[in-house]
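The values are calculated or read from the model by the stated rules, or taken from the named source; none is laboratory data. Small disclaimer: the values here were computed from a predicted structure and weren't measured. Glycine gets a Cβ as well: all are built from the backbone with ideal geometry, and neighbour counts include every protein chain shown. These area figures cover heavy atoms from the full protein model, side chains too; ligands, DNA and RNA do not enter into them. Shrake-Rupley method; radii C 1.70, N 1.55, O 1.52, S 1.80 Å.
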Amino acid sequence: MSFTLDFFSLKGKTALVTGARTGIGQAISVALAAAGAHVLLLGHRDNLGETKEKIEKINGTYETLLVDLSDTSTIREKITPILEKHEIDILVNNAGIIHREPAAEFSETEWLRVMDVNINSVFILSQEIGKAMVARNSGKIINIASLLSFQGGLFVPAYTASKHAVTGLTKALANEWASKGVQVNAIAPGYIETNNTEAIRNDENRNKSILERIPAGRWGEADDLAGTAVFLASKASDYVNGHVLVVDGGWMGR
């Protein structure tokens, strides 16, 4: 079949995006809606107003879902009625948290909390939603990795470990499900202006050292990831599987 721009269309598709309230999750949600998808906005509190407004402005459609991804014991129970109501074509595992503390003093409670949100919930959602994708031989799963999927970082051992795990899980699922019509890939954002990076941006010396290393000469914006997400969610990426696509202004090329 010859290529057309329809390969990027998501009309008739349903996408579920976790952590859709702000930042990267919000930008991806709006982009998928703009491409035609009906977007299920998943958060743990009913505070998705800004994302809803942005989707409404482009005449997109959405629903909101409240699921606490830090409580992994209830995720399967909460996702079951969602799967009964919707056939989910696209899953974006975006939700993530970070805790900064020197490794020698790092709280076990915080370690477990970061792991539950950043990797355990990713596996549970991918497994539950992936079952249905495999059964119908069609689906796209997009995980949000990080530059710290490749590097060690400073004072964020749990976040780093969880993001390394995200890339490993992405490849493991891709190996099993590629032959079953399901593409599993990840996006690794560089230094993006989000709530998670506010502390670094407010550190004058750290901010300066980061900017000096980014060939693009600027921090990324959440919208810089929008087109990448649409590509990985669409027919245009049907032969892309197990890939971690870095969007970092050239950081990893240095």
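Some observations on this one:
- Taking the stretch 118-137 as the range and being open to solvent by 10 Å² or more (accessible area, probe 1.4 Å), part of a helix (DSSP H, G or I) and in contact (Cβ under 8 Å) with a residue 40 or more places away in the chain as the test, the residues that pass are I119, N120, F123, I124, E128, A132, V134, R136.
- Matching residues in the stretch 81-101 - criterion: being open to solvent by less than 60 Å² (accessible area, probe 1.4 Å) and of a type outside the set (A, V, I, L, M): H86, D89, N93, N94, G96, H99, E101
- Near pairs, Cβ below 6 angstrom, 6+ apart or cross-chain, from the stretch 59-78 (under 15 Å from G25 (Cβ atoms)) to any residue that is among the charged types (D, E, K, R) and at pLDDT 95 or above: V67/K78
- Selection within the stretch 39-61 - within 13 Å of K13 (Cβ to Cβ) and open to solvent by 40 Å² or more (accessible area, probe 1.4 Å): T61
- Residue list for the stretch 1-32, filter: within 27 Å of E198 (Cα to Cα) and hydrophobic (A, V, I, L, M, F, W, C): L16, V17, A20, I24, A27, I28, V30, A31, L32
- Filter result for V230 (buried (at least 19 other Cβ atoms within 10 Å of the Cβ), in contact (Cβ under 8 Å) with a residue 40 or more places away in the chain and either under 17 Å from N143 (Cα atoms) or not hydroxyl-bearing (S, T, Y) (or both)): yes
- Some residue of the stretch 148-156 being of a type in the set (F, W, Y) and either within 30 Å of K54 (Cβ to Cβ) or without any contact (Cβ under 8 Å) to a residue 12 or more places away in the chain (or both): no
- In the stretch 196-214, the residues that are among the polar types (S, T, N, Q) reach residues that are outside any helix (DSSP H, G or I) with C-beta atoms within less than 6 angstrom, at least six apart or across chains, in these pairs: N196/I98.
- Selection count where residues are among the hydroxyl-bearing types (S, T, Y) and closer than 12 Å to L91 by Cα, scope the stretch 121-137: 1
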